[in-house]
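Down below is the structure, laid out as structure tokens.
The values are calculated or read from the model by the stated rules, or taken from the named source; none is laboratory data. Please read these numbers as outputs of a predicted model, since none were measured by experiment. As a convention, Cβ positions derive from the backbone with ideal geometry for all residues, glycine included, and neighbour counts pool all protein chains shown.
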Amino acid sequence: MADWRGRGGGRMPGQPSSTFTGGAGMGGGRAGDQPSLQANADVQLAARSYSLQASTAMGLPARSFSIKAAVEYGGSSRKYSLKQSKATTPQRAGSSSKSSSGEMHPRVADPEGNFIFTLEIDGIEVAQFKECSGLKSSTAIFELEEGGMNHRVHKLAGQSRWENITLRYGVTSDSTLLSWRNEVLQDEFSLRRNGSVVMKTLQMQEVRRYNFVQAWPVAWEGPSFDANAADLAVEMVEIAHHGISVT
């Protein structure tokens, strides 16, 4: 047997022999059976989930996102999924929240703006106003001093009064309020009307009504004109009434 040892001087076993049979392949290479290479890789990476939670100091609700990615080999398929977890939705003012014990707690209502309001006379909207004041009632107080009682003074209720409602509005072609005032100027005091000052949200949804009864305009004032100004022309009407109910 020939010595097949290499430079390292290792052991001298019998060397394997390879036998090729068959013809050349399509490429015209060596004769014999061509070796086949079979790869069967089935590698699966464990799905990993990542949670990202962000909240700001601006009062925005915290939102959490869950990202899951799974990669499979054994084909060339790749799967990615992005999943948004259900975020906690802030409840609207005036609603109720449930505690962990299941008890319902009412939420404090958020205040509304004071810059959108309208005037209705007998159920008909007649104008949108720039300013409204006088939604006020007060009761007179009589003080009674009792002899021998030095630690306090008796306070007794007197007459209750409602302030007149003063409205300022931009001048338009509508003359409803002027016609109402002209009725009073013609001594037609019996033609009193009911009305409402309606407060609305930015979406023009009704928030509250200040309903007044038996009303009549006691004063009217036209706009002040100034050629150098760029303001709106504003009129004023003052309305007396017999009371306000809030709904």
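At-a-glance table
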| read-out | value |
| --- | --- |
| Residues that are of a type outside the set (Phe, Trp, Tyr) and touching a residue at least 60 places away in the same chain (Cβ under 8 Å), drawn from region 135-163 | 135, 137 |
| Flag if residue 227 is at pLDDT 95 or above and over 26 Å from residue 112 (Cα atoms) | no |
| Residues satisfying the stated conditions in region 169-189, i.e. surrounded by 15 or more Cβ atoms within 10 Å (Cβ to Cβ), within 17 Å of residue 120 (Cβ to Cβ) and either β-branched (Val, Ile, Thr) or within 36 Å of the chain's Cα centre (by Cα) (or both) | 169 |
| Close pairs from region 213-238: first farther than 17 Å from residue 130 by Cβ, partner surrounded by fewer than 11 Cβ atoms within 10 Å (Cβ to Cβ), Cβ under 7 Å, at least 6 apart | 216/189 |
| Given (1) exposed (fewer than 12 other Cβ atoms within 10 Å of the Cβ); (2) closer than 22 Å to residue 220 by Cα; (3) modelled with pLDDT of 90 or more; (4) not β-branched (Val, Ile, Thr), number of the condition residue 192 does not satisfy | (1) |
| Lone unmet requirement of (1) farther than 30 Å from residue 144 by Cβ; (2) at pLDDT 90 or above; (3) of a type in the set (Gly, Ala, Ser) for residue 158 | (1) |
| Positions within region 228-247 being part of a loop (DSSP other than H, G, I, E, B) and surrounded by 11 or more Cβ atoms within 10 Å (Cβ to Cβ), in sequence order | 232, 233, 241, 242, 243 |
| Residue among 218, 234, 198 that is of a type in the set (A, V, I, L, M) and in contact with a Pro (Cβ under 9 Å, 6 or more places away or on another chain) | 234 |
| Within region 146-195, tally of residues that are in contact with an Asp or Glu (Cβ under 9 Å, 6 or more places away or on another chain) and β-branched (Val, Ile, Thr) | 4 |
| Residues of region 164-214 satisfying the condition of being farther than 17 Å from residue 235 by Cβ, in contact with a strand residue (DSSP E or B) (Cβ under 6 Å, 6 or more places away or on another chain) and either among the hydrophobic types (A, V, I, L, M, F, W, C) or in a helix (DSSP H, G or I) (or both) | 198, 199, 207, 212, 213 |
| Checklist (1) at pLDDT 95 or above; (2) under 25 Å from residue 123 (Cβ atoms) applied to residue 139, failing item | (2) |
| Residues located in region 102-124, provided they are closer than 26 Å to residue 232 by Cβ and either among the aliphatic types (A, V, I, L, M) or modelled with pLDDT under 85 (or both) | 112, 113, 114, 115, 116, 117, 119, 121, 124 |
